[in-house]
Amino acid sequence: MAGNEGKAEAGKLMDAALIKEAVINSFKKLNPMNLIRNPVMFVVEIGAVITTYFFIRYAINGVEGGQGSVAFAALISLWLWFTVLFANFAEAVAEGRGRAQAETLRRTRVETTAKLLQDNGEIKMVSAGELRKGQVVVAEAGDVIPGDGEVIEGIASVDESAITGESAPVIRAAGGDFSSVTGGTMVLSDQIKIKISANPGESFLDKMISLVEGAQRQKTPNEIALSILLVAFTIIFLVVVFILSPLGGYLEARPDVTSLVALLVCLIPTTIGGLLSAIGIAGINRLTQYNVLAMSGRAVEAAGDINTLLLDKTGTITFGNRFANEFSPFEGHNEDEVGEVAMLSSFGDGTPEGQSILTLGKKLGIEVTKPENCVVVEFTAETRMSGLDCADNSYRKGAADAIAKYAVAAGHVLPSHYEESVQFIASQGSTPLAVARDGDIIGLVELKDVVKPGISERFERLRAMGIKTMMITGDNPFTAKTIAGEAGVDDFVAEAKPEDKMGLIRNEQGQGKLVAMTGDGTNDAPALAIADVGLAMNSGTQAAKEAGNMVDLDSDPAKLIEVVEIGKQLLITRGSLTTFSIANDVSKYFAIIPALFMAYIPGLASLNIMRLYSHHSAILSAVIFNALIIIALVPLALKGVKYRPLGASAILRRNILIYGIGGLIAPFIGIKLIDMLLRLFHF
Amino acid sequence: MTYRGWAEIAIVAVIIGLMIKPLGTYIFHVFEGEHTFLDPILGPVERFIFRFLSIDKDKEYKWTGYILRMIALDFAIIFFAYLIFRLQGHLPLNPAQAPGMRPDLAFNSAVSFGTNTNWQAYAGETQASNLSQMIVITTCMFTSVASGIVMAIAFMRGLSRRANPFLGNFYADFIRAILRILLPLALLFTLVLIPLGVPQTLKGPARVLTLEGEQQEIARGPVATLEAIKHIGNNGGGFFNANSAHPYENPSPVSNIILILLMLLVPASMIYVLGLYLQNRRQGWVIFAAIVLLFIIFAGLTMWFESRASPILEETGVDVTAGNMEGKETRYGVDDSALFGASTTSAATGSVNSSHDSYTPLGGMILIGCMMLNTVLGSSGAGLINILIYIIFTVFLAGLMVGRTPEFTGKKIESREVRLGVIALLIHPLCILGFTTLSLAIPSARNAILNSGPHGITEMAYAFTSATANNGSAFGGLAVSSAYFNVTTGVAMLIGRYAIFIPILAVAGSLAEKQILPESEGTFRTDTPLFAGLLIGIIIIIGALTFFPVLALGPLAEHFALFG
């Protein structure tokens, strides 16, 4: 299953090939034209250039007084370059993983050949890569569908397991809500004509990849806001470090340039600055692991802010497939009889509905053995019934109107109150199936919506996140209320038409709320387009997929919950690392300020509370710690800070403790340890 | 520090805590046009003024219209003050024959009073005529405070309004601030101060025969009135050159405590007003608690540091059991002086009852630190605005940490607010650090420092911190009468006020247009002790990170040199 593969890959964060590529890319990313997009690391690079210049000057001309030394200048320069490289590496790894994931998904569609239907009606074999939007291809049983498109003629069953991991075939037919097909899936039966809907390079996968790759990546709104804050800190520390020379000069204390650059790099928020883009890319990658393709980074971020979740009842809260709940006989027959016939007609039926009839029968204690020498009558889209033809009898079950036609054709009269009974079951929100023996209708099976197991726990989780769930259903209010109560949604809208979703979303948005919804039908498209997060099902129509800003390859609407969690995780990771980065600065001051001025103002040695060994070891320790912490936090940036639906205050308390207080203390320990190591070399 | 010192801090904190609710509610009612108990008297006066000046109080302006009117009025007043200072030699009411001020001194003085700084570069008794004192200084002591208060009111309206970009009518707010808040308070506390021994007379100096048989002139005048508005409005410009160390300005420890309360009263009440605007009093109390806690810590630290005199003084054999009494009045002692010092620097007042230059290095560091943070209450209005800048950043970080786009009171903090907030946040430290360093680098300016070594850095930093924070207190030890200092401190005062007001009111305008989001489980609450703690942490860490190097080379270096 594609989904599991993705998760398995996530398990080992980096493999050797990926790391090798990332290392090469981190050097490529040293290009200042590229780095200027990240002002914090750009400043570090300029700093590295300056210290390298002084190193070369010292190496050639000898040290010009002060506290400089060739070895010190060399080591500081080296570690400043490492700092930039480490940040580049984080970004390169995140990009590499995104690309790798996309490749896995893309692999299915490369070597496909397509049967292109030409204007003269002839079929020409072409490579899938040559297909253009608007062209029509033919796909028959056994063919891999060459590209995303819409069925314009015919009906076929399609195996979408390559994309969704779901083994049961799905029906794809022209017109209606199930007309969309995805490249890489396989036609199992029949023949369809497909109108290709995307040029190569414009498919959802390609859009997703462009979000991950550096060149075209757009910063998201929150990323921009945070960048502004980081730039502000950088400006402040530039000024603070810049004034140290004249301030110290007043006291006849003139620290060397190498040390000042080292202080600057330690103070500016390199930890978050270096990891910021990696965090953003990793958020999109995490979605891909869940088989959700994001079309914009903005949507991923918005997911974390969702206030209201609009959910279709069918397929989301309840199984789209309904389960047998009751056998109801017509006059002259009893429950066991109906059950028996229903079960007999379901022996050849592998669908969940068919299986549920067998399960119900067994539960009611109806013993039926499968008779020998019978022929299974398969369900088809035309007959809309299935059953079993044996030597003596024939058994059928199917849609009420289809069975009625079948009965009349067989010369039987419909039972009295047939219409009313069917209507009654339908009015309860259930689906009636008629059961017939030898053309005689003997009863109905009530197929009932069953709430998915565990769904109420998921809604509980959403509630803890502060998200209101709203169920939308075409059912009557009574049924809707029953299901809503069972599932534990906060609110429901009954007897809703798909068009009503737009109004609902506008209403919620008018109150300042952010709304997420899932949808698959063409009539969902306008609502998907205006929703802040529109998660389109891959099984849905092309229109729906284009209107939404995310596509779920598994077509599992309940996945919105993961999407929301990933959005929150993205922001939490950013916030926590920013806090950590700033909290780190306190210790760096205590390491570097006394080191800079101790020689001139002996009293300031009292500020050296870590008792660092020497001027050089103190500054170098701080710089090394500053560089290593970036590498150390790469896995966290890629995985994201764990999100728990605990309520805002609990999360905040926890993160302040770990990243705020931890960020204050950790560098004191780290810098001291590095200093002890350097002391061994009498640095 | 002594138990009496602790008790005084506690008394001040408790009394302020008791006073902010009634005063805050009154202020809120005044600006929202609700009924107040003074309506029968002030209502007709206000209506008359509005009609006379053709002010339509119901015509509201967006942030641009509001701040333009504020700046226009402030600069008109500053320009008017400049003219009077320049021309005072040719104008009436000049018995001492004070000549017109030099352009740089007139600029500095006009800006100083116009921006609620009250930095006094001139010698009051000889360089300012009675006309200047009466018209310029007294007027500014009301107008500059009023424009600060209404800025904060406009900001709070921006926070509380729902998709409504209008922030109010500046002129109406301004007149209400003077007429309904400052005048009644000044009158009330003038009456409180007179019985405590603060003179209130229009007679000339008293001539007395001293014990030695000499004739002496003792200056006096309408001191009580000035003393009241000087502290209520966080002005700080003294009637006498000795300021609040003068026995006529601040006769006793009792008057000392009352003056401290007056300084803190309006800034603290404004925080309560915030709670009322947000319809969340708890929010007001939480911020108040955070800020008052900072105040208590800083006041306590100042007392503690001042309780020990320098070892050098100890070695001379002077009795140092009372603590560092250098530069302090014996009527107050160390604790009362330290509390007053912490209050005047916290609340951006600038009046002094002791010589800040003579504080121990660490004691002096706390005083300068309070001004650097600029948020430990701060002055009336401007202080709350500075606190709100920090709140925005606290909310931003906290919001990210809980996984939501940050919001404060239901308003989303997005890149526009962060960008403008960052400008407001950066202006203050950049102005202080820039001017301090510039002045240390320019030889002629550097030579104005009377002390060598780290203390000199402290003196220079104090001057520009005081100017930028619109505090106005002087550290001393710096000859600031040159044209260079008159111009640079004047510019620092302008930057410290308007370069912060403009972006921050733009934030208010931007927030005002936003919807208020409903609260949910996922919303991070800002009215909790956790938020108060985080706010304190952010204020201290950002302040410390910004100013640590200056403080290390100034007061800390001096401390370690003196105390080892």
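For the range A:27-44, which positions are part of a helix (DSSP H, G or I) and crowded, with 21+ Cβ neighbours inside 10 Å? Walk me through it before giving the result.
Pass one, the range A:27-44, residues part of a helix (DSSP H, G or I): A:27-28, A:32-35, A:39-44.
Those that are part of a helix (DSSP H, G or I) and crowded, with 21+ Cβ neighbours inside 10 Å: A:Val40, A:Met41, A:Val43, A:Val44.
Return the only residue of B:Ala146, B:Ala152, B:Ala186, B:Ala219 being under 30 Å from B:Lys514 (Cα atoms), in contact (Cβ under 8 Å) with a residue 40 or more places away in the chain and not polar (S, T, N, Q). Write out each step before concluding.
Numbers: B:Ala146 fails: in contact (Cβ under 8 Å) with a residue 40 or more places away in the chain; B:Ala186 fails: under 30 Å from B:Lys514 (Cα atoms); B:Ala219 fails: under 30 Å from B:Lys514 (Cα atoms).
Result of the check over B:Ala146, B:Ala152, B:Ala186, B:Ala219: B:Ala152.
Find the helices (runs of 4 or more DSSP H) located wholly in the range A:412-516 whose residues include 2 or more that are among the hydroxyl-bearing types (Ser, Thr, Tyr), and list them. Quick ask: steps written out before the conclusion?
Details: elements: A:418-427, A:455-465, A:477-487, A:500-510.
Where helices (runs of 4 or more DSSP H) fall fully within the range A:412-516 and carry at least 2 residues being among the hydroxyl-bearing types (Ser, Thr, Tyr), they are A:418-427, A:477-487.
Identify all residues within the range A:232-258 that are surrounded by fewer than 19 Cβ atoms within 10 Å (Cβ to Cβ), more than 7 Å from chain B (Cβ to nearest Cβ) and part of a helix (DSSP H, G or I); write none if there are none.
A:Leu238, A:Phe242, A:Ser245, A:Gly249, A:Val257
May I ask you to list the residues in the range A:365-391 that are assigned to a loop (DSSP other than H, G, I, E, B) and surrounded by 14 or more Cβ atoms within 10 Å (Cβ to Cβ)? Walk me through how you get there before you give the answer.
The first filter runs over the range A:365-391 and keeps only residues assigned to a loop (DSSP other than H, G, I, E, B), leaving A:365-374, A:378-384, A:390-391.
Within the range A:365-391, A:Ile366, A:Val368, A:Pro371, A:Cys374, A:Phe379, A:Thr383, A:Arg384, A:Cys390 qualify.
When you go through (1) under 30 Å from B:Met70 (Cα atoms); (2) more than 13 Å from every other protein chain (Cβ to nearest Cβ); (3) out of contact with any helix residue (DSSP H, G or I) (no Cβ under 7 Å at 6 or more places or on another chain) one by one for B:Phe501, which number turns out not to apply?
In the conditions (1) under 30 Å from B:Met70 (Cα atoms); (2) more than 13 Å from every other protein chain (Cβ to nearest Cβ); (3) out of contact with any helix residue (DSSP H, G or I) (no Cβ under 7 Å at 6 or more places or on another chain), B:Phe501 misses (3) alone.
Looking only at residues in the range B:430-477 that are farther than 27 Å from B:Asn116 by Cβ, out of contact with any Lys or Arg (no Cβ under 9 Å at 6 or more places or on another chain) and of a type in the set (Gly, Ala, Ser), which one is surrounded by the most Cβ atoms within 10 Å (Cβ to Cβ)?
By that ranking, first place goes to B:Gly453.
Quick one: B:Val480 ticks every box in (1) out of contact with any strand residue (DSSP E or B) (no Cβ under 9 Å at 6 or more places or on another chain); (2) in a helix (DSSP H, G or I); (3) more than 11 Å from every other protein chain (Cβ to nearest Cβ); (4) not polar (S, T, N, Q) bar one, so which box is it?
(2)
With the checklist (1) buried (at least 24 other Cβ atoms within 10 Å of the Cβ); (2) out of contact with any Phe, Trp or Tyr (no Cβ under 6 Å at 6 or more places or on another chain); (3) not in a helix (DSSP H, G or I) in hand, flag the one item B:Val376 doesn't pass.
Only one criterion in (1) buried (at least 24 other Cβ atoms within 10 Å of the Cβ); (2) out of contact with any Phe, Trp or Tyr (no Cβ under 6 Å at 6 or more places or on another chain); (3) not in a helix (DSSP H, G or I) is unmet by B:Val376, namely (2).
If a residue has to be facing chain B (nearest Cβ under 10 Å), under 23 Å from A:Val641 (Cα atoms) and charged (D, E, K, R) to count, how many in the range A:529-588 make the cut?
4
Considering every residue within the range B:107-121, establish whether at least one is over 27 Å from B:Pro503 (Cα atoms) and assigned to a helix (DSSP H, G or I).
Taking the range B:107-121 as the starting set, the residues that turn out to be over 27 Å from B:Pro503 (Cα atoms) are B:120-121.
In the following step, the residues that additionally are assigned to a helix (DSSP H, G or I) were identified as none.
No, the range B:107-121 contains no residue that is over 27 Å from B:Pro503 (Cα atoms) and assigned to a helix (DSSP H, G or I).
For the range A:70-89, how many residues meet the condition of being surrounded by fewer than 19 Cβ atoms within 10 Å (Cβ to Cβ) and touching a His at 6+ places or on another chain (Cβ under 9 Å)?
1
Could you tell me whether any residue of the range A:340-356 is closer than 24 Å to A:Ala90 by Cβ and out of contact with any Asp or Glu (no Cβ under 6 Å at 6 or more places or on another chain)? Lay out the reasoning, then the answer.
Here is the first cut: in the range A:340-356, the ones closer than 24 Å to A:Ala90 by Cβ are none.
No.
Residues to consider are A:Ile403, A:Ile455, A:Ile441; find the one that is within 30 Å of A:Ala558 (Cα to Cα) and in contact (Cβ under 8 Å) with a residue 24 or more places away in the chain. Let's see the steps before the verdict.
On the way: A:Ile403 fails: within 30 Å of A:Ala558 (Cα to Cα); A:Ile441 fails: within 30 Å of A:Ala558 (Cα to Cα).
Testing whether each residue is within 30 Å of A:Ala558 (Cα to Cα) and in contact (Cβ under 8 Å) with a residue 24 or more places away in the chain leaves just A:Ile455.
Return the residue satisfying two criteria in turn: it lies in the range B:519-536 and is surrounded by 19 or more Cβ atoms within 10 Å (Cβ to Cβ) and small (Gly, Ala, Ser), and of such residues it is nearest to the chain's Cα centre (by Cα).
B:Ala532
State yes or no: is B:Ala461 more than 29 Å from B:Tyr359 (Cβ to Cβ), within 11 Å of chain A (Cβ to nearest Cβ), of a type in the set (A, V, I, L, M) and in contact (Cβ under 8 Å) with a residue 24 or more places away in the chain? Show your work before the answer.
Working: more than 29 Å from B:Tyr359 (Cβ to Cβ): no; within 11 Å of chain A (Cβ to nearest Cβ): yes; of a type in the set (A, V, I, L, M): yes; in contact (Cβ under 8 Å) with a residue 24 or more places away in the chain: yes.
The answer is no for B:Ala461.
Take A:Asp401 and tell me if it is outside any loop (DSSP other than H, G, I, E, B) and among the charged types (D, E, K, R). Spell out the reasoning first.
Values: outside any loop (DSSP other than H, G, I, E, B): yes; among the charged types (D, E, K, R): yes.
It is true that A:Asp401 is outside any loop (DSSP other than H, G, I, E, B) and among the charged types (D, E, K, R).
Name the residues in the range B:397-411 that are closer than 19 Å to A:Val300 by Cα, more than 7 Å from chain A (Cβ to nearest Cβ) and part of a loop (DSSP other than H, G, I, E, B), would you?
B:Pro406
If you scan the range B:528-561, which residues turn out to be in a helix (DSSP H, G or I), over 20 Å from B:Thr437 (Cβ atoms) and at the interface with chain A (Cβ under 8 Å from one of its Cβ atoms)? Before you say what the answer is, go through the steps one by one.
Just the residues of the range B:528-561 that are in a helix (DSSP H, G or I), to begin with: B:529-561.
Going one step further and asking which of them are over 20 Å from B:Thr437 (Cβ atoms), we end up with B:529-541, B:559-561.
Within the range B:528-561, B:Leu530, B:Leu534, B:Gly537, B:Ile541, B:His559, B:Phe560, B:Ala561 qualify.
Hey, does the range A:312-332 have a residue that's among the charged types (D, E, K, R), part of a helix (DSSP H, G or I) and touching a residue at least 40 places away in the same chain (Cβ under 8 Å)?
The first filter runs over the range A:312-332 and keeps only residues among the charged types (D, E, K, R), leaving A:312-313, A:322, A:326, A:331.
Among the residues that remain, those that are also part of a helix (DSSP H, G or I) are: none.
No, there is no match, as no residue in the range A:312-332 is among the charged types (D, E, K, R), part of a helix (DSSP H, G or I) and touching a residue at least 40 places away in the same chain (Cβ under 8 Å).
Is it the case that the range A:203-212 has a residue that's more than 24 Å from A:Ile284 (Cα to Cα), away from chain B (no Cβ under 13 Å) and either at pLDDT 95 or above or buried (at least 20 other Cβ atoms within 10 Å of the Cβ) (or both)? Spell out the reasoning first.
Filtering the range A:203-212 for residues more than 24 Å from A:Ile284 (Cα to Cα) gives none.
No, every residue in the range A:203-212 fails to be more than 24 Å from A:Ile284 (Cα to Cα), away from chain B (no Cβ under 13 Å) and either at pLDDT 95 or above or buried (at least 20 other Cβ atoms within 10 Å of the Cβ) (or both).
Among the residues of the range A:294-309, write down those that are more than 14 Å from chain B (Cβ to nearest Cβ) and buried (at least 24 other Cβ atoms within 10 Å of the Cβ). Explain how you work it out, then say what you get.
If we filter the range A:294-309 for residues that are more than 14 Å from chain B (Cβ to nearest Cβ), which is where we start, we get A:294-296.
A:Ala294, the sole residue that qualifies.
Which residues, taken from the range B:419-456, are assigned to a loop (DSSP other than H, G, I, E, B) and either within 11 Å of another protein chain (Cβ to nearest Cβ) or out of contact with any Leu (no Cβ under 6 Å at 6 or more places or on another chain) (or both)? Outline the logic, then answer.
So in the range B:419-456, the residues assigned to a loop (DSSP other than H, G, I, E, B) come out as B:442, B:447-448, B:450-453.
Selection gives B:Ile442, B:Asn447, B:Leu450, B:Asn451, B:Ser452, B:Gly453.
Got at least one residue in the range A:616-628 being crowded, with 23+ Cβ neighbours inside 10 Å, within 9 Å of chain B (Cβ to nearest Cβ) and touching a residue at least 60 places away in the same chain (Cβ under 8 Å)?
Within the range A:616-628 (the criterion being crowded, with 23+ Cβ neighbours inside 10 Å, within 9 Å of chain B (Cβ to nearest Cβ) and touching a residue at least 60 places away in the same chain (Cβ under 8 Å)), the answer is no, since none of the residues qualifies.
Report yes if B:Thr394 is in contact (Cβ under 8 Å) with a residue 24 or more places away in the chain, within 14 Å of another protein chain (Cβ to nearest Cβ), more than 18 Å from B:Phe464 (Cα to Cα) and over 13 Å from the mean Cα position of the chain (by Cα), otherwise no. So that I can check it myself, show each step before the final result.
Values: in contact (Cβ under 8 Å) with a residue 24 or more places away in the chain: yes; within 14 Å of another protein chain (Cβ to nearest Cβ): yes; more than 18 Å from B:Phe464 (Cα to Cα): yes; over 13 Å from the mean Cα position of the chain (by Cα): yes.
In short, yes.
Please find, within the range A:646-664, the residue that is farthest from the other protein chains (Cβ to nearest Cβ) out of those that are free of Cβ contacts under 8 Å to residues at least 60 places away in the same chain and among the aliphatic types (A, V, I, L, M).
At the first step, the residues of the range A:646-664 found to be free of Cβ contacts under 8 Å to residues at least 60 places away in the same chain are A:649-650, A:652-654, A:657.
Still in the running and among the aliphatic types (A, V, I, L, M): A:650, A:652, A:657.
Numbers: A:Ala650: 9, A:Leu652: 5, A:Leu657: 11 Å.
Ranking the qualifying residues of the range A:646-664, first place goes to A:Leu657.
Only one of B:Gly317, B:Gly300 is free of Cβ contacts under 8 Å to residues at least 12 places away in the same chain, more than 30 Å from B:Phe408 (Cα to Cα) and either assigned to a helix (DSSP H, G or I) or more than 24 Å from the chain's Cα centre (by Cα) (or both). Can you tell me which?
The conditions single out B:Gly317.
The values are calculated or read from the model by the stated rules, or taken from the named source; none is laboratory data. These numbers were taken from a predicted model, which means no experiment stands behind them. Here the Cβ is made from the backbone with ideal geometry for all residues, glycine too, and neighbour counts use every protein chain on show.
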